[in-house]
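Have a look at the structure below before the remarks.
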Amino acid sequence: MIPSQTKLIDEKVTSQLLKKRNRLGERFIESTLVFCGFISIFITLGIVFELGKEALPFFSSTDFKLIKFLTGTTWQPQIKLFGVLPLVMATLTTTVIALLIAIPFGIGIAIYLSEYASVKLRSTIKPTLEILAGIPTVVYGYFALSFVTPFLRVLFGKDVVEIYNTASAGIVMGILILPLIASMSEDALAAVPRSLREAAYGLGATKIETTYRVVIPAAISGLAAAIIVGISRAIGETMIVALAAGAGPKFTFNPFQGAETMTGHIVRVSGGDLSYDSIDYNSLFGISLLLFFMTLSLNMLSQWVVRKLSEVK
């Protein structure tokens with residue numbers, strides 16, 4: 001019998017022996033993961049069903065028009081004005097301000113931790129970032145109201161910056177999502193093979209050239225995913241905007257003025273005495289459903305971006 005045939009027979013025998021092994025542990029883990037997947041799908045469908053069921057009376061109202069709902073600039077359900085754009089605009093304003101802080105600082109911290117920091121320093125900085133991520137958001141809200149807002153009023157003037165404003169809420173939201181973006185970005189950079197760095201060094205590239213021309217392009221899909229997840233986190237933030245951004249829907253582009261976000265409006269109105277099946281009650285579920293689809297779209301966009309950028313690499 002020739003050696004190649006002997007090797008083929010050995011491989012078949014080994015494969016059969018492996019198949020006959022009773023891998024109860026692996027089967028249990030696999031079954032658990034499948035179960036968790038079904039549970040997550042079931043919960044998501046349950047959320048959509050409940051939101052849709054409660055929002056149906058609002059969307060089926062004779063005074064409701066989808067175009068006016070998405071483009072109207074006045075939100076006063078009591079007088080049949082359902083323009084959600086002021087709430088969306090305030091949400092986007094705080095989100096953009098938060099990203100202007102979290103993206104450059106978060107990615108900068110990730111680059112430093114991955115490429116420049118020593119092992120000892122990295123082991124000190126990363127737990128500190130995790131502590132920031134673990135602080136309750138209500139604490140961040142009071143920090144924005146009692147520290148950031150007075151600082152902005154001193155810096156730009158009390159007649160320019162209102163006590164409740166979207167700028168301070170956005171700044172503190174940026175601090176909130178900074179650890180998330182930094183941690184995910186650092187993981188993406190650390191996953192880049194060491195061989196790519198060594199090849200760049202072998203060609204005479206400096207450390208900064210290697211970082212910006214080799215490491216970051218190789219990790220771009222992970223960085224994009226971190227940014228989009230940070231956007232989703234900022235859009236869904238509640239307590240910071242509820243405490244610091246202001247109350248009352250207001251269509252404005254001025255970040256120094258108070259304006260109510262979607263989540264802030266839900267918290268404020270639902271905390272009052274609402275009668276079941278009233279227009280105010282049902283409108284909250286309409287806003288919640290819109291917010292859900294906004295975050296769902298961002299998550300789907302994140303998966304698409306990661307897949308496309310991975311194909312490019």
Step by step: first the residues of region 137-162, then only those that are closer than 30 Å to Asp187 by Cβ and in contact (Cβ under 8 Å) with a residue 60 or more places away in the chain, then the one that is surrounded by the most Cβ atoms within 10 Å (Cβ to Cβ). Which residue is that? Ala144
If you check Leu129, Leu113, Leu87, Leu99, which single one turns out to be crowded, with 17+ Cβ neighbours inside 10 Å, assigned to a helix (DSSP H, G or I) and in contact with a His (Cβ under 6 Å, 6 or more places away or on another chain)? Leu87
If Val161 meets every condition in (1) of a type in the set (Val, Ile, Thr); (2) under 17 Å from the mean Cα position of the chain (by Cα); (3) in a loop (DSSP other than H, G, I, E, B) apart from one, which number is that one? (2)
Does region 222-274 hold any residues that are more than 23 Å from Thr149 (Cα to Cα), touching an Asp or Glu at 6+ places or on another chain (Cβ under 9 Å) and touching a residue at least 60 places away in the same chain (Cβ under 8 Å), and which are they? Gly222, Ala226
Any idea which residue in region 192-231 is surrounded by the fewest Cβ atoms within 10 Å (Cβ to Cβ), counting only those that are hydroxyl-bearing (Ser, Thr, Tyr) and under 24 Å from Ile177 (Cβ atoms)? Tyr212
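Could you check, for region 114-121, whether at least one of its residues is among the small types (Gly, Ala, Ser) and within 28 Å of Pro255 (Cβ to Cβ)?
No, because not a single residue in region 114-121 is among the small types (Gly, Ala, Ser) and within 28 Å of Pro255 (Cβ to Cβ).
Tell me, which residue of region 194-216 that is of a type in the set (Gly, Ala, Ser) and in a helix (DSSP H, G or I) is farthest from Phe105 (Cα to Cα)?
The first filter runs over region 194-216 and keeps only residues of a type in the set (Gly, Ala, Ser), leaving 195, 199-200, 202, 204-205.
Of the ones still in play, those that are also in a helix (DSSP H, G or I) are 195, 199-200, 202.
Working: Ser195: 27, Ala199: 28, Ala200: 26, Gly202: 30 Å.
Out of the qualifying residues, it is Gly202.
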Inter-residue pairs, beta-carbon under 6 Å, first closer than 20 Å to Leu223 by Cβ and in region 192-205, second among the hydroxyl-bearing types (Ser, Thr, Tyr), 6+ apart: Arg197/Thr210; Ala200/Thr210
Counting only residues that are free of Cβ contacts under 8 Å to residues at least 40 places away in the same chain and touching a helix residue (DSSP H, G or I) at 6+ places or on another chain (Cβ under 9 Å), region 30-47 contains a total of 1
Could you go through region 171-179 and let me know if any residue there is assigned to a helix (DSSP H, G or I), closer than 30 Å to Thr206 by Cα and without any contact (Cβ under 8 Å) to a residue 24 or more places away in the chain. no
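A short reminder: the numbers here are calculations on the coordinates, not readings from a lab. Every value quoted in this text rests on a predicted model; they were computed, and no experiment measured them. Backbone-built Cβ (ideal geometry, glycine too); neighbour counts: all protein chains shown.
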